[in-house]
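The values are calculated or read from the model by the stated rules, or taken from the named source; none is laboratory data. Note that this is a predicted model, so its numbers are computed, not measured. Glycine also receives a Cβ, built like all others from the backbone with ideal geometry; neighbour counts cover every protein chain displayed. Areas reflect the complete protein model, heavy atoms only, side chains present, ligands, DNA and RNA absent. Shrake-Rupley method; radii C 1.70, N 1.55, O 1.52, S 1.80 Å.
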Amino acid sequence: MDYSLEHHQSYIGKPVSDLPTPSLIISLPAVKKNVEILHKDVEGLGIRFRPHVKTLKALEVTRMMLGEGKHRAVVASTLAEIRGVLPLAKEGLLDECLYGLPVVSSYLPQLAELRKSLRILLMVDNEQQVSLLEKFGADQPWDIFIKIDVGTHRAGVLAGSSALHSLVKRAEASNHAQIYGFYCHAGHSYASRTSEQAQQTLSEEFSSVIGASGLLPADRELVVSIGSTPTAHVVSSLKAQLPGNTKLELHAGNFPANDLQQVSTSLVQIQDQAVRIAAEVCSVYPERNEALINAGAIALSKEVSPNYPGFGTVVGKLDWGVIRVSQEHGILASSKTGALADKEFHVGQRVYLYCNHACITAAAFYVYYVVDANDIVVATWIPWKGW
Ligand SMILES: Cc1ncc(COP(=O)(O)O)c(C=O)c1O
């Protein structure tokens, strides 16, 4: 049993320096600020907002991302996340959830059950998925988003392709699918290094979904959904000319947390990161100028980011990074000539680390310790685990 899962509440009111290690710390002021910025941007544009719940898979942050019911739709990547958001539907704060991967057959019975409590939308990028829905044979047609691949090459059918044309035709002809709209996710926008590059990807997303919506009759009500955290960070630059039948929505997931990958895009600052990992120095090795900490691949993930070497960076000592990891060990070394491990670190010292990819790092923890501006634990959030 995870120690934090049994003892987390006893840390409320205590400083982060008292937390067990490794622990995941969330700065409440940073999360609130990150969410407020995005809300201001989407509300300024007058578009809809669909937060992804996969980053800090918890009710408290989902409630915040929905603006306590101002925004009423989410996207999820696991059934566990959908089960997790159901209390918000019960409270009347949430109307619908998109299951964000192309649907597989074994999930359909569970999705049909979940649909009794919350409107469920499915993601479709292949005619075979329409056949699956027909074979399953639900009482009502499923609302589907058709996923367009705008360059990430993860899921989706290529914009402007004949495959897209025939998928739209196939879905239109089916009694078991109803096209709700077109969705693209610009995962490749993580490679942006300037605001202009992210804006360019955002406008490509927009033109792809608008192009796809032209495959349906002009009077057909549709939702077109674009986004990713880097393109969401520049959404206020969007000059959108929408056809009258179409509603535009933005989706994003990582934005409440941010991480070193987001900082590397140059669209957020290092202090905009809400997540840190608390760890302790287990040993110091002057002969190789390294230190050992008790946070390894499980606590940090093996994700990397372009501007910060290794698998995590020490808060307040950004030249010190976790350059090698084993399962539960991390090795700290500096990129600065002359920096000395035995001057910077001693056995038992606490270190706090920024992570490269908050979504993957957060998924390893059973409890999130939520702190105020003075690093005092004010709450604990229990994330939804598993699938
Ligand atoms: C389908 C879908 N929508 C939205 C998101 C959110 O992206 P981000 O975390 O970059 O905001 C993801 C992330 O993987 C996704 O897969």
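A few notes on this one:
- Measuring between their Cα centroids, region 1-45 and region 240-277 lie 18 Å from each other.
- A Förster distance of 25 Å, applied to the separation of the beta-carbon atoms of residue 178 and residue 360, puts the FRET efficiency at 0.15.
- Our Cα-only numbers for region 179-263 put the radius of gyration and Dmax at 13.3, 44 Å.
- 0 to 90° range, to nearest 10: angle between helix 195-213 axis and the chain longest Cα axis: 30 degrees
- Cα pair count fraction exceeding 41 Å, expressed as % - the chain: 18 percent
- Sorting the segments 4-14, 247-257 by their residues' average number of neighbouring beta-carbon atoms within 10 angstrom, most packed first, yields 247-257, 4-14.
- Relative contact order (%) - region 242-308, alpha-carbon pairs under 8 angstrom, separation at least six: 27 percent
- Relative contact order, percent, the chain [alpha-carbon distance under 8 Å, six or more residues apart]: 21 percent
- Contour minus Cα-Cα distance for residue 135 and residue 91 (0.36 nm per residue): 12.5 nm
- Within region 94-113, backbone nitrogen closer than 15 Å to the virtual label 7 Å beyond the Cα of residue 154 toward Cβ: 99-103
- Spin-label model, residue 218/residue 161: points 7 Å from Cα along the beta carbon direction are separated by 2.9 nm.
- Shape class for region 29-258: oblate, because the ratio a/c of the largest to smallest gyration tensor axis (alpha-carbon atoms, square roots of eigenvalues) is 1.5 or more and b/c is at least a/b.
- For region 29-258, carbon and sulfur atoms together expose 50% of the accessible surface, with a 1.4 angstrom probe and every protein chain in place.
- Under the shape rule built on the C-alpha gyration tensor, where the axes satisfy a ≥ b ≥ c, region 1-89 is oblate, since a/c reaches at least 1.5 while a/b does not exceed b/c.
- Burial order of peptide ranges 236-246, 287-297, 329-339, 178-188 (average beta-carbon count within 10 Å, highest first): 178-188, 287-297, 329-339, 236-246
- For the peptides 318-324, 215-221, 130-136, residues were scored by their other Cβ atoms within 10 Å and the scores averaged per peptide; the highest-first order is 318-324, 130-136, 215-221.
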